Amino acid sequence: ELRGGVAGGSILRGVLKVGQEIEIRPGIISRASGGVRCVPLFSRVLSLFAEGNDLQYAVPGGLIGVGTLIDPTLTRADRLVGQVLGSVGALPEIFTEIEVSYYLLRRLLGVKTADGEKQGKVQKLAKGEILMLNIGSTSTGGGNQAGRARP
């Protein structure tokens, strides 16, 4: 007897109630020829679980399992990692491009170099260089669009 997918995580603020209409962002992400397309998922809270207990409402603190009407294939195998669940219309916008201020360390830490003695020097970021970004619990690749090309 299948009901729907379960999303798990922590409530940061607000209250979730059984029967509440919810939205999951960014939802289904697809790469189209013109860029990235994000389609939020909409559902209703069917059940709430915490440490094996059925709940009628959940507040911040601890881990919560949220039973939804979403197809279980979309929620299995950590496919919703990095997604945000909340009331319809209350979630932040989806960004596909960001501007970041950064500071590069002078030397690589914890990395063995070819000569095995000195730590390697860190080079400046090059235009078009691919970077790994860790934001919250999700990791994604991104390209550097500004800066100078390395000689």
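The values are calculated or read from the model by the stated rules, or taken from the named source; none is laboratory data. From a predicted model like this one, the values you see are computed outputs, not experimental measurements. Backbone-built Cβ (ideal geometry, glycine too); neighbour counts: all protein chains shown. Ligands, DNA and RNA are excluded from the accessible area calculation, which covers all protein heavy atoms including side chains. Shrake-Rupley method; radii C 1.70, N 1.55, O 1.52, S 1.80 Å.
Enumerate the pairs (first residue in the range 1-23 and polar (S, T, N, Q); second residue anywhere and surrounded by 17 or more Cβ atoms within 10 Å (Cβ to Cβ)) with beta-carbon separation below 9 Å, excluding pairs fewer than 6 apart on the same chain, so at least 6 apart or on different chains. Partner pairs satisfying both residue conditions: S10/I64; Q20/V45.
Listed by first and then second residue, the pairs with beta-carbon distance under 8 Å, at least 6 apart or on different chains, first residue in the range 124-151 and open to solvent by less than 60 Å² (accessible area, probe 1.4 Å), second modelled with pLDDT of 80 or more and β-branched (V, I, T), are T138/V81; G141/I130; G142/I130; G143/I130; N144/I130.
Close contacts from the range 95-120, counting a first residue that is under 29 Å from P40 (Cα atoms) and a second that is outside any loop (DSSP other than H, G, I, E, B) and at pLDDT 65 or above, with Cβ to Cβ under 8 Å and a gap of 6+ residues or different chains, come to T96/G35; T96/V36; T96/C38.
For residues that are open to solvent by 80 Å² or more (accessible area, probe 1.4 Å) and either farther than 18 Å from C38 by Cα or of a type outside the set (D, E, K, R) (or both), tally how many sit in the range 89-102. Lay out the reasoning, then the answer.
From the range 89-102, those open to solvent by 80 Å² or more (accessible area, probe 1.4 Å) are 92-93, 95-102; that's our starting set.
Next, from what is left, pick out any that are either farther than 18 Å from C38 by Cα or of a type outside the set (D, E, K, R) (or both): 92, 95-96, 98-102.
Matching residues across the range 89-102 total 8.
Residues that are closer than 14 Å to S47 by Cα, open to solvent by less than 50 Å² (accessible area, probe 1.4 Å) and in a loop (DSSP other than H, G, I, E, B) within the range 61-81 comprise T68, I70, listed in sequence order.
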